[in-house]
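One structure below.
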Amino acid sequence: MTSPCTAPITAERLLDYLLGDLPAPEEEQLEAHVFACASCAAQAERLAALAAAVRAAIPPILTRSRLDALESGGAVAHLNVMSPGGVAEVFYPPPGKLLVHRLEGARLEACRRLDVALRTPAGEAIGRLDDVPFDAPRGEVLVACQSHFAELFPHDVVFVLETVSGRDRSEVASYTVLHRPGAG
């Protein structure tokens, strides 16, 4: 019989670990705990499986053709169109449906690689999506959001578009999305 965990690791912290966003000493400490704690190991496995399933089914960043296919199949509950610097309050979609943030208006004509940093409105890093698909002429990035993300991520997110050239990274636009539970 195993004893209950005396220091459970939060889902947010496990997500930081799975995304590779923890400093090395904290990562090693978390790994040691998860290795020794069956409860936290099971939670980490569930989060890793969920993240893998979501990425396989619907990637977090969509191409225009993928969005068109999802819309024609009725999978998109709402398209949230935003301009740089914009703030939008939106509602998580019902289970099985998508909320898509169309981040447009960024100057991406000369961009060869684009990353999307996710931050809290206070500026704390949540994660980063590297080398995402984007539409340079439209200055557009399409971000898919599903209701179960409410359990994994902070509700309020700032999407920061970053152009990458070699080792240089430049922020070109940001969009603040305030997610609310339920259908609005």
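The values are calculated or read from the model by the stated rules, or taken from the named source; none is laboratory data. These numbers come from a predicted model, not from an experiment. Methodologically, a virtual Cβ is constructed for each residue, glycine included, from the backbone with ideal geometry; neighbour enumeration extends over all protein chains shown.
Just a yes or no: is a residue in the range 48-71 crowded, with 16+ Cβ neighbours inside 10 Å, assigned by TED's automatic domain parsing to the domain that holds residue 165, at pLDDT 85 or above and farther than 19 Å from residue 131 by Cα? Yes, because at least one residue in the range 48-71 is crowded, with 16+ Cβ neighbours inside 10 Å, assigned by TED's automatic domain parsing to the domain that holds residue 165, at pLDDT 85 or above and farther than 19 Å from residue 131 by Cα.
Contact map, the range 154-177: residues that are small (Gly, Ala, Ser) paired with residues that are outside any loop (DSSP other than H, G, I, E, B), Cβ distance under 6 Å, separation 6+ or inter-chain. Pairs shown: 170/163; 173/161; 174/158; 174/160. Are any of the residues in the range 101-108 under 11 Å from the mean Cα position of the chain (by Cα) and at pLDDT below 95? No, that holds for no residue. For the range 146-155, state whether one or more residues are farther than 21 Å from residue 11 by Cα and out of contact with any Pro (no Cβ under 6 Å at 6 or more places or on another chain). Checking the range 146-155: not a single residue is farther than 21 Å from residue 11 by Cα and out of contact with any Pro (no Cβ under 6 Å at 6 or more places or on another chain).
Identification of helices (runs of 4 or more DSSP H) wholly contained in the range 1-102 with 2 or more residues that are closer than 23 Å to residue 137 by Cβ yields 64-72.
So is residue 109 in a loop (DSSP other than H, G, I, E, B), outside the structural domain of residue 19 (by TED's automatic domain parsing) and either hydroxyl-bearing (Ser, Thr, Tyr) or surrounded by fewer than 20 Cβ atoms within 10 Å (Cβ to Cβ) (or both) or not? Against the criterion (in a loop (DSSP other than H, G, I, E, B), outside the structural domain of residue 19 (by TED's automatic domain parsing) and either hydroxyl-bearing (Ser, Thr, Tyr) or surrounded by fewer than 20 Cβ atoms within 10 Å (Cβ to Cβ) (or both)), residue 109 qualifies. Taking the numbered list (1) within 17 Å of the chain's Cα centre (by Cα); (2) touching a residue at least 60 places away in the same chain (Cβ under 8 Å) in turn, residue 86 passes all entries but (1). In the range 132-175, of all residues being closer than 16 Å to residue 115 by Cα and of a type in the set (Ser, Thr, Tyr), the one that is modelled with the lowest pLDDT corresponds to 165. Residue count for the range 72-96 satisfying the condition of being surrounded by 13 or more Cβ atoms within 10 Å (Cβ to Cβ) and either over 15 Å from residue 179 (Cα atoms) or not assigned by TED's automatic domain parsing to the domain that holds residue 143 (or both): 4.
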